[in-house]
Amino acid sequence: PFPFFVLHALPDVASPRTKGKSGQELPNARLVSNAIRGAPPDPLRRSPGRHTNLFMAFGQLVDHDIALTPDVRGPNNSLLQCCGDQVSPDCFPVRVSDDDPFFGPLNVKCLNVVRSSGCTDCTGFHERRFVNQQTAYLDASHVYGTSAAALATLRDKSQPEFLLLPNGILPPSLNPTEDGCSDPSSSQFCFRAGDGRVNQQPGIASLHILYARQHNRLAKELGRTHPDWDKETVFQEARRILVAQHQHIIYREFVPEMLGYRRSAALGLDNPWERTQYEPSRDASILVEFTTAAFRFGHGLIEDFTLVDCRGAVTAYPLSDRFFQVQDLYQK
């Protein structure tokens, strides 16, 4: 489970929070969202042009490597409906006012918000703890999955040192009629990777492809330079190198841009050759405050998504138009 940095003080530790510590009712989440979106621009926000959308997409990739909070599901893994008359205790619907600038004209009165899966008494505490289905380490689990069974579906059975990369892109979805983004009529399918969120938007899908190609490039080079190695050794060594490269990019390039180079140096993250020893007694779990609040800063980095085809033609799209639209990546 995700541990808490600060234990909350609530009268009912298993129920969703509706009141502040002082006992006042918390404001409607949608009203808060609209108020923040309508606020004047922050003068401290990053200057235009300092970062490309790759910074945002890579941050999302890092998040998907270390955290995955599942929602509560109904019978037969069905989605809970939280806006009707019969509401499950695992629902936390958000009411929408008639004058909402976006949902008002659409006559949407409620947002179907389902609570995250959790457990009580699972770690010696009585409050509800939320489940992390991802490995908490920066281990490129978005490439290799979190289980041997998942990894087996991603490896090339004829050449097991390689990951599956038909025509240089990720393998197709195993459920094209149910995944919500495949187009079987044009033979363009959603992708399959170590993390199921690979198809959320073209930027993160592109990075998944890049990582898989890098694994195969490393495996090819290792097989050439170490002809005495068996294919499993080649695969695992390529994996080790890719994970190390992943961590190096995060700590040497991404984190300094995120925190600032002075802060990174103050935290001892500025030595590119430093090695750390694994400490089995250290709890490496991801804090719930980090994954649900602090690391969500990346949502404020979203800008229009720019596609460049093989002829150099540039097309800009709002990112909201490209969710689960990975068909563009089939274009050479």
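Readers should treat all values here as calculations from the given coordinates under stated rules, not as data from a laboratory. It should be emphasised that the depicted structure is a prediction, and the values quoted were computed from it without experimental measurement. Cβ coordinates were reconstructed from backbone atoms using ideal geometry, including for glycine residues, and neighbour counts include every protein chain displayed.
Residues considered: Gly180, Gly145, Gly203. Largest GNM mean-square fluctuation over the chain, using C-alpha springs under 10 Å, is found at Gly180. Over the chain, dividing the summed -39,500 (n - 2.57) contributions of all DSSP H runs of at least 4 residues by the number of residues returns a 222 nm mean residue ellipticity of -8000 deg cm²/dmol.
Return the FRET efficiency for the residue pair Ala148, Arg240: r is the Cβ-Cβ distance, R0 is 22 Å, and the value is rounded to the nearest 0.05. Spell out each step's value before the answer.
Numbers: r = 17 Å, r/R0 = 0.75.
Rounded to the nearest 0.05, the efficiency is 0.85.
Summed over all non-identical Cα pairs, the Kirkwood treatment of the chain gives a radius of 22.9 Å.
If you filter segment 232-301 for GluC sites (Glu not before Pro), then keep DSSP loop positions with at most 10 other Cβ within 10 Å, what is left? Write down the numbers at each step before the final one.
Numbers: sites: Glu232, Glu237, Glu253, Glu257, Glu274, Glu289; in loops: Glu274.
Listed in order of number, the matching sites are Glu274.
Note on the chain: GNM, Cα springs under 10 Å; of Asn34, Asn132, Asn199, the largest mean-square fluctuation is that of Asn34.
The overall shape of segment 141-330 is oblate: from the C-alpha gyration tensor, with semi-axes ordered a ≥ b ≥ c, the ratio a/c is 1.5 or greater and a/b is no larger than b/c.
Subtracting the Cα-Cα distance of Asp283 and Leu165 from 0.36 nm times their residue separation leaves 38.9 nm of extension gain. When the Gaussian network model of the chain links Cα atoms closer than 10 Å, the mean-square fluctuations of Ala136, Ala150, Ala316 top out at Ala316. In this label model, Asp183 and Lys109 are separated by 3.7 nm, measuring between points 7 Å along each Cα→Cβ vector. Distance from the C-alpha centroid of segment 152-203 to that of segment 226-278: 26 Å, rounded to the whole angstrom.
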